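The numbers here are math on the coordinates, done by the rules we state, and not lab data. Please read these numbers as outputs of a predicted model, since none were measured by experiment. We place every Cβ from the backbone using ideal geometry, glycine too, and count neighbours over all the protein chains shown.
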Amino acid sequence: MSQPSLQNSDPSASQDPVQPSAALEASGLDSTVQGYVLQQMGTPPILRGLGLAALGLIVVGLVLGPTQMRNYGLVLVCLWAVYAMSVQGLNLMLGYAGQVSLAQAAFMGLGAYISTLLVRDAGLSYWLAMLIAVVVCTLAGALIGFPALRVKTHYLTFVTLGFNILITLVLRNEQWLTGGTGGIQNIPRPSFFGLELDTNVRYYYFCLIMLALVTIAVWFMLRSPWGRAFKTLRDNPARAESLGISVVSHTLLAFALGSGIASLAGVVYAPLIEYIEPAAFELPRSLMFLLMLIVGGRGTLAGPFIGAFLVTILPEWLRFTQEYYLALFALAVMALMIFFPQGIAGLGDTLRRKLIARR
Amino acid sequence: MNETVLQVENIAKSFGPVQAVRGVSFEVNRGEVLGVIGPNGCGKTTLFNCVLGQIKPDAGRVILKGTDVSGWQPSSLAKVGLGRTFQLLQVFHSMTVRENLLAAAQPHRGGLAKQLFMRPDLGLKADVERMITDFRLGHLADTPAGLLSYGQQKLLDIAMALMGKPDVVMLDEPAGGVNLSMLADVRDRLVELNKTRGTTLVVIEHNMEFIFEVAHRILVLAEGQVLTSGTPGQIQSDSKVIEAYLGA
Amino acid sequence: MAEKSALQTMPAASALGTSAWKDSNLEPFLQLLISGIATGAAYALAAVGFALLWQTSGTINFAQGEFVSAAALMMVAAMHLLGVGPLVAFVIALPVALVVFGVVFKQVLVERLLKRGDFALVIATLGLSIFIREVSRLVMGAEPFAFPAIAGDGVLRLGSLVISVNDVVTIALVALIIALLQLFLKRTFVGRSMEATAQNTEVARILGIDVDRMILYTFLLNAALITVGALLITPKYQAKFSNGEALGLVAFMAAIVGGFNQVRGALIGGFLIGVLDNLGAYYVSTTYRSAFPILLLVIVILFKPEGLFGRKEERKI
């Protein structure tokens, strides 16, 4: 065991600069992870410019919308906004914490029914009812998630499946409370400090504002230390645990918050259509939310917007395919999974990668 | 100061008929570097995993700074000052070096709810910068960790384990797979670490040369039990140790 | 948009008639039990196919229910276009099912998606389920079709028990099929190879088994099972493009409740659900009948996640 001792530290050893694309190829990381790594390397200016321009156009279009759209169009965009909110909640759970929830529609329903009943039967103001509904649903999410996660993280999906079915069963059958299959009609539009939101135009802006608030909140959460913890859990859960980051706590919080967001969408939804029924919150709707997220692109802030668009607004633009739209959408889902499982927003990453590789 | 910071008493673990660890006890004093060596299959990694909450031992206790932490989850142990590095899978590859260090530090900055609303850097900027400087990772600070070389990742791994200012860090083969030019770096950082920050280190290693240069005291394991312990000099000339390695 | 809840489209116990209490409490129970077993038998076939697919290739086939309803509609089409009875229609539909739900499904969809990971496959089968449902609706319309039972509408009277002949035939037929299946899986070379592939694909490969071919056979087997299942269950529901939802759910739940590790598990799961549904409707509440299988599912997951009969092994999920 008498060997020459280690040479003194070579200062250049750890000083090697890193060549991005070569290193990425050599790293042996799989393609999704490479995508994440690339995200870190920043967006090339061209892409960033294009992205901002597109975003700007869309925002301007939305704000000026009412000048061009009639009632039907306005309500449709509001529906898009409400769905995008629900899917954003799912995004928080799935895109970042890796949990599939099949109960988003149920939570949306709970939000809608709880707030509506509190306003109608308990005489509360819409805003207080909103607060209560969202808090209750967030807690409910935590309650459901807790036992399921302790068993094994995948089982949360099955439990949420069962939960959705049970909730809609209750909504259908407890006629005395929920109006049964007939639902609740004539839901009034709320007023905000005296400003009546009863016209479609005013409610339209209300929906857009709520969507903006939810998106900003989610963005903020993802940028926070908590959001960073999620990236660690995604990259290397064992290491994260050894550093003090608990998988179960973080996942549970994501699930609770995501469910709360869905319930908020429900609260906004009720006065929009002015009528709620159990059929709108059944399991197929939850499955649809899942598809919206995957097609739009999970783990991206834009994914939910794109996904909701494909299901609410695009069918309108493509009126001529009315009967066949859903079949085409389903076909697109299958094709997407084969060729671009990261979804449409994920295509942006592929572009980015190509541009960076050329550097 | 010769205060005992970590006490391991009679840890035993079997996997079916295989007795991986058969009653191992040892103590670690504050500020010391304890090396743990032994031939393959002697139970070093299992022992580590038992202490660090990855596996539940069949028997035995772990006492950290006077508190019985037996059976605690890894994330709880990290929060009370027991850190570790892994042999494989060390870093968060999609995050930059700086982000990795921030992530490693944040569990010590308050509970879950607080973390939702705090600023992204949690006021930890200075600490992170200091660590980057100490580990000479400045030029890599904004590179995604997945692009670092293996040796660089190892350094980052150790740095991450230190961000929470742990009292004890248990390192699982820090020199494993690192090429010669980087090895000296790793060795120097560990020694520096121990001297300037007074962090207690427990190091599993196969690379004898490496461990003899770093450790104050060596614990030798064989067939799931403690064979002997002593200074590097004593161990090197201990015939029992040589036999254990050659006979294995 | 007012579609019925998935499980609520299940029929009430067929031979019960009005739910009047008889002299002894045993009679309704027995009738419900038998009728539940008959329904459950058909579910069991779909559940077994589902479990086999999962075990052998890691495919979680969200479209399993739609396979059954589409097969039923194919048979309806054959009956209407060619004026034949259900058994002949079955003989015609079977090869089509084998090709479409067996070969095409595997080669076109599953093969390409397996390398993308389990999750992509699940989403794709979800998309497939919607696709099949929509195509069914476009081709066959939204109205339900009557589907004759293979053994007619006769009833047997045993004392004061009234049992549908068709139920008895169903139970007998399914028992026969399961027995043949077990024989096939345990006693023939191909069958044992398939089982081996299901237990541990890597080891099977090392042992020289043509894993890819075994997986194909599993898909073909599943296609056959769902076609038979369609033949047996559709008379109770009528054939409709939207039936797939309820059936798929039951297959899925049966497989989880029973435990994936063996055919037995999915089988028993199917029976359990059929019986529980019937008993629950009668003894507790008709409106909440669908809740009982769900509650069973949730309880099993929380307390025995490997299923009632499953072994605690690694799962492909």
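Would you please give the FRET efficiency between A:LEU47 and C:ALA175, computed as 1/(1 + (r/R0)^6) with r the Cβ-Cβ distance and R0 = 51 Å, to the nearest 0.05?
Efficiency computed from Cβ-Cβ geometry: 0.20.
Using the Kirkwood radius over C-alpha pairs as Rh, can you work out the diffusion coefficient of segment A:204-359 via Stokes-Einstein at 10 °C, viscosity 1.306 mPa s, in µm² per second?
My calculation gives 88 µm²/s for D.
When every alpha-carbon pair in segment B:4-247 is counted, what percent end up more than 29 Å apart?
Roughly 29 percent, rounded to a whole number.
What is the gain in length, in nm to one decimal, between C:GLN107 and C:VAL190 on full extension, counting 0.36 nm per residue of separation less the C-alpha to C-alpha distance?
27.9 nm
Report the label-to-label distance for A:SER249 and A:PHE146 in nanometres (one decimal), using points 7 Å from each Cα along the Cα→Cβ vector.
1.5
Consider all pairwise Cα distances in segment A:94-242 and report the whole-number % of them above 26 Å.
Tail fraction, whole percent: 40.
Given Cα pairs under 8 Å that are at least 6 residues apart, what percent is the relative contact order of chain B?
28
Say we join alpha carbon atoms closer than 10 Å with springs in a Gaussian network model of chain C; which of C:TYR283, C:TYR43, C:TYR237 then has the biggest fluctuation?
In the Gaussian network model the winner is C:TYR283.
If each of C:ARG213 and C:VAL100 carries a label point 7 Å out from its Cα toward its Cβ, how far apart are those two points in nm?
For C:ARG213 paired with C:VAL100, the spin-label model returns 2.8 nm.
So what's chain C giving for Rg/Rh, alpha carbon basis, Kirkwood Rh from the mean inverse pair distance?
We get a ratio of 0.96 for chain C.
Amide H of B:GLY35 versus every other amide H placed in the peptide plane: which residues, excluding those fewer than 5 positions away on the same chain, fall under 5 Å?
It is B:VAL203, B:HIS216, B:ARG217, B:ILE218, B:LEU219, by chain and number.
For the protein assembly as shown, with the dipole built from +1 on Lys and Arg beta-carbon atoms and -1 on Asp and Glu ones, taken about the Cα centre, which of B:SER239, B:VAL21, B:GLY138 lies farthest toward the positive end?
B:GLY138
Of the residues C:LEU232, C:LEU82, C:LEU53, which exhibits the maximal mean-square fluctuation in a Gaussian network model of chain C defined by a 10 Å Cα contact cut-off?
Looking only at C:LEU232, C:LEU82, C:LEU53, the biggest GNM fluctuation is shown by C:LEU82.
So which cysteines of the protein assembly as shown have no other cysteine's Cβ under 4.7 Å from theirs?
A:CYS137, B:CYS42, B:CYS50
Across segment C:130-146, in residue order, what do the Karplus-derived ³J(HN,Hα) couplings come to in whole Hz, using 6.51 cos²θ - 1.76 cosθ + 1.60 with θ = phi - 60° and x for Gly and Pro?
After applying 6.51 cos²θ - 1.76 cosθ + 1.60, I find 5, 4, 4, 5, 5, 4, 4, 5, 5, 7, 9, x, 9, 7, x, 10, 6 Hz.
Can you give the convex hull volume of the alpha carbon atoms of segment C:27-112 per residue, in Å³?
Convex hull volume per residue, Cα atoms: 115 Å³.
Once you charge only the Cβ atoms, +1 for Lys and Arg and -1 for Asp and Glu, what is the size of the charge dipole of the protein assembly as shown about its Cα centre, to the nearest 20 debye?
540
Looking at the calculated P(r) for segment C:204-300, what percent of the C-alpha pair distances fall above 15 Å?
It works out to 70 percent of all Cα pairs.
Quick one: what Rg and Dmax do you get for the protein assembly as shown from the alpha carbons, in Å?
31.4, 98
I'd like the distance separating the alpha-carbon centroids of segment C:205-267 and segment A:221-262, in whole Å.
Between the Cα centre of segment C:205-267 and that of segment A:221-262, the gap is 37 Å.
Obtain the nm distance between the two label points defined at C:VAL155 and B:GLU3 by a simple spin-label model: each point lies 7 Å from its Cα along the Cα-to-C-beta direction.
In this crude spin-label approximation the distance works out to 8.6 nm.
If the elastic network links every pair of Cα atoms under 10 Å, which of C:VAL168, C:VAL211, C:VAL139 fluctuates the most in the Gaussian network model of chain C?
Of C:VAL168, C:VAL211, C:VAL139, the most mobile in the Gaussian network model is C:VAL139.
Where the Cα atoms of segment A:70-339 are projected onto their three principal axes, how long is each span, largest first, in whole Å?
54, 46, 36
For segment C:68-162, what is the Kirkwood estimate of the hydrodynamic radius, computed as the reciprocal of the mean inverse distance between distinct Cα atoms, to one decimal in Å?
Result for segment C:68-162, one decimal place: 15.8 Å.
Give B:LYS13/C:LYS304; A:LYS354/B:LYS125; C:LYS115/C:LYS236; B:LYS125/C:LYS115; B:LYS56/C:LYS115; B:LYS44/C:LYS304 a once-over and call out the pairs whose C-alpha atoms are over 30 Å from each other.
Long pairs (Cα-Cα over 30 Å): A:LYS354/B:LYS125; C:LYS115/C:LYS236; B:LYS125/C:LYS115; B:LYS56/C:LYS115; B:LYS44/C:LYS304.
Helix C:86-97 against the longest principal axis of chain C: what's the angle in degrees, Cα atoms only, rounded to the nearest 10?
Here the helix axis deviates by roughly 20 degrees.
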